[in-house]
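All remarks here apply to the structure that follows.
The values are calculated or read from the model by the stated rules, or taken from the named source; none is laboratory data. Computed from a predicted structure; not experimentally measured. Cβ coordinates were reconstructed from backbone atoms using ideal geometry, including for glycine residues, and neighbour counts include every protein chain displayed.
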Amino acid sequence: MYTIGVILYMVFVYLVAPFHKKARQMVCGHWQTWKILHKKLKKGERYVWFHAASLGEFEQGRPLMERLRREHPEYKIVLTFFSPSGYEVRKNYDGADIVCYLPFDTAGNALAFVHMLRPEMAFFIKYEFWLNYIRACKRHHIPVYSVCSIFQPNKIFFRWYGRGYAYVLSLITHFFVQDEQSRHMLATRGVEGNVTVVGDTRMDRVLDICHAAKQLPLVERFKDNRFVLVAGSSWTPDEDLIITYFNRHPEMKLILAPHVISESHLKQIEEKLHRPFLRYSEATDQNIAAADCLIINCFGLLSSIYRYGEVAYVGGGFGVGIHNVPEAAVYGVPVLIGPNNRKFREAQDMMRLGGCIEIHSQEDFDATMQRFASGTAALKRAGELNRDYIMGNAGATDKIFSFLKF
């Protein structure tokens, strides 16, 4: 049944590819995979394989890849993606020797891929459990590690219709899970003894980013010792809340980094602003101090910009789901998020502690901002709770490497 499902999905992707950009990218990428492998694989090299579904999983695997590259240069790293949103962004990632799509999980593709690559070990990140690939690794005596995985009662393995697919769990060499609940859930399927609770490698990643954060003189000049809200990865519903408040409160400044930076969306934002604004690409030492809102219309700066805010807002919570909360929380600031956050364990944890605040309406947003703007004690305490959470949950990469004993 599993393979039939994969084949049906593959047929669907091929059928919609002429009309759907991401499907077309995936089909073309799969054709390129075999060419990439034939061209770049070298006889006699020792390969380690990392597989990530998309960009979020890549960020969880990244600390492991970079640690491996730094401490064990004798290994070559192969990184595969399932989603175009991961591959297209990271296809030139210099932390891996080969980056390509993972072909659909048919038995033929899996055997051919593993036979060509012959990795010494494989790391599947978070939710990735491709049965035929993992079975092919088992057949070739290649250890497979599940990294940063989370198991909850609603996952397919623990439903009546998923009992057959749960067989894949028995093929994993070792699980490095994020929490005790995951260990318990695996035990209900007879998986015990090869499970270690390590936490989330993303905490290591955001700490690395924090330590390497860029100094941005233009942003420092914009801030000018004022109370600043940094809103990152925002979508239209987020921006409506934020801008409505911002327009009414001249005592604060706003740094807005929208998720979509198309010209049409930037103009929509600018039409809503009733106070002076400036795009980052147009900022100079001469004009930036006059702006009250700085619009970040480029990529790659957000993780460094969070450091300049007294409060952070992480977007996406009124749509498909919130973006990267730890990326902001690591700087010791309160974080505001929308209601679609249930799938994000770290956000749930920080909400329980009090450093992350869920926003449902304009009234919620206004009241929360006023509380932090007028109370330095509340602001400081919420920020400290977030910073302490990140520090307390760091170290997963060390635990994994200690276990593997390269």
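Results for (1) in the same structural domain as ASP349 (by TED's automatic domain parsing); (2) part of a strand (DSSP E or B), shown as yes or no for each residue.
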{"position": "MET185", "(1), (2)": "no, no"}
{"position": "LEU229", "(1), (2)": "yes, yes"}
{"position": "PRO237", "(1), (2)": "yes, no"}
{"position": "ASN247", "(1), (2)": "yes, no"}
{"position": "PRO250", "(1), (2)": "yes, no"}
{"position": "LEU256", "(1), (2)": "yes, yes"}
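Could you identify the single residue in VAL325, VAL320 that is modelled with pLDDT of 95 or more and closer than 29 Å to VAL198 by Cβ?
One residue alone meets the criteria, VAL325.
Residues that are buried (at least 18 other Cβ atoms within 10 Å of the Cβ) and charged (D, E, K, R): find the helices (runs of 4 or more DSSP H) completely inside segment 1-110 holding 1 or more of those.
So the answer is 55-71, 84-90.
Could you list, in sequence order, all residues of segment 210-223 that are buried (at least 18 other Cβ atoms within 10 Å of the Cβ) and hydrophobic (A, V, I, L, M, F, W, C)?
Within segment 210-223, CYS210, VAL219, PHE222 meet the criteria.
Scan segment 387-405 for residues that are assigned to a helix (DSSP H, G or I) and either touching a Phe, Trp or Tyr at 6+ places or on another chain (Cβ under 6 Å) or farther than 12 Å from CYS148 by Cα (or both) and jot them down.
Scanning segment 387-405 gives ARG387, ASP388, TYR389, ILE390, MET391, GLY392, ASP398, ILE400, PHE401, SER402, PHE403, LEU404.
If a residue has to be touching a His at 6+ places or on another chain (Cβ under 7 Å) and either of a type in the set (D, E, K, R) or crowded, with 24+ Cβ neighbours inside 10 Å (or both) to count, how many in segment 314-365 make the cut?
Count: 2.
Name the residues in segment 277-298 that are among the hydroxyl-bearing types (Ser, Thr, Tyr) and assigned to a helix (DSSP H, G or I), would you?
TYR280, SER281
Taking into account only those residues within segment 239-251 that are surrounded by fewer than 22 Cβ atoms within 10 Å (Cβ to Cβ) and either farther than 19 Å from ILE337 by Cβ or of a type in the set (Phe, Trp, Tyr) (or both), which is nearest to the chain's Cα centre (by Cα)?
Ranking the candidates gives TYR245 first.
Say whether the condition of being part of a loop (DSSP other than H, G, I, E, B), farther than 30 Å from LYS42 by Cα and touching a residue at least 12 places away in the same chain (Cβ under 8 Å) is met by at least one residue in segment 128-149.
Scanning segment 128-149 turns up no residue that is part of a loop (DSSP other than H, G, I, E, B), farther than 30 Å from LYS42 by Cα and touching a residue at least 12 places away in the same chain (Cβ under 8 Å).
Looking only at segment 140-154, count how many residues are buried (at least 16 other Cβ atoms within 10 Å of the Cβ) and within 21 Å of GLY56 (Cβ to Cβ).
Matching residues across segment 140-154 total 8.
Being part of a helix (DSSP H, G or I) and either over 24 Å from ILE359 (Cβ atoms) or not hydroxyl-bearing (Ser, Thr, Tyr) (or both) is the requirement here; does ILE243 meet it?
In short, yes.
Got at least one residue in segment 366-375 being touching a Lys or Arg at 6+ places or on another chain (Cβ under 7 Å) and either surrounded by fewer than 18 Cβ atoms within 10 Å (Cβ to Cβ) or assigned by TED's automatic domain parsing to the domain that holds GLY316 (or both)?
No, segment 366-375 contains no residue that is touching a Lys or Arg at 6+ places or on another chain (Cβ under 7 Å) and either surrounded by fewer than 18 Cβ atoms within 10 Å (Cβ to Cβ) or assigned by TED's automatic domain parsing to the domain that holds GLY316 (or both).
In segment 150-171, which residue that is polar (S, T, N, Q) and part of a loop (DSSP other than H, G, I, E, B) is farthest from the chain's Cα centre (by Cα)? Give the derivation first.
Step one: list which residues in segment 150-171 are polar (S, T, N, Q), which gives 152, 154, 170.
Applying the additional criterion that residues be part of a loop (DSSP other than H, G, I, E, B) yields 152, 154.
Working: GLN152: 19, ASN154: 21 Å.
Looking at residues that are polar (S, T, N, Q) and part of a loop (DSSP other than H, G, I, E, B), I get ASN154.
Write out, first by first residue and then by second, each pair whose Cβ atoms fall under 8 Å of each other, whose residues are 6+ apart or on separate chains, and whose first residue, in segment 254-272, is surrounded by 12 or more Cβ atoms within 10 Å (Cβ to Cβ) while the second is of a type in the set (Lys, Arg) and modelled with pLDDT of 95 or more.
Note: pairs meeting the criteria are LEU266/ARG279.
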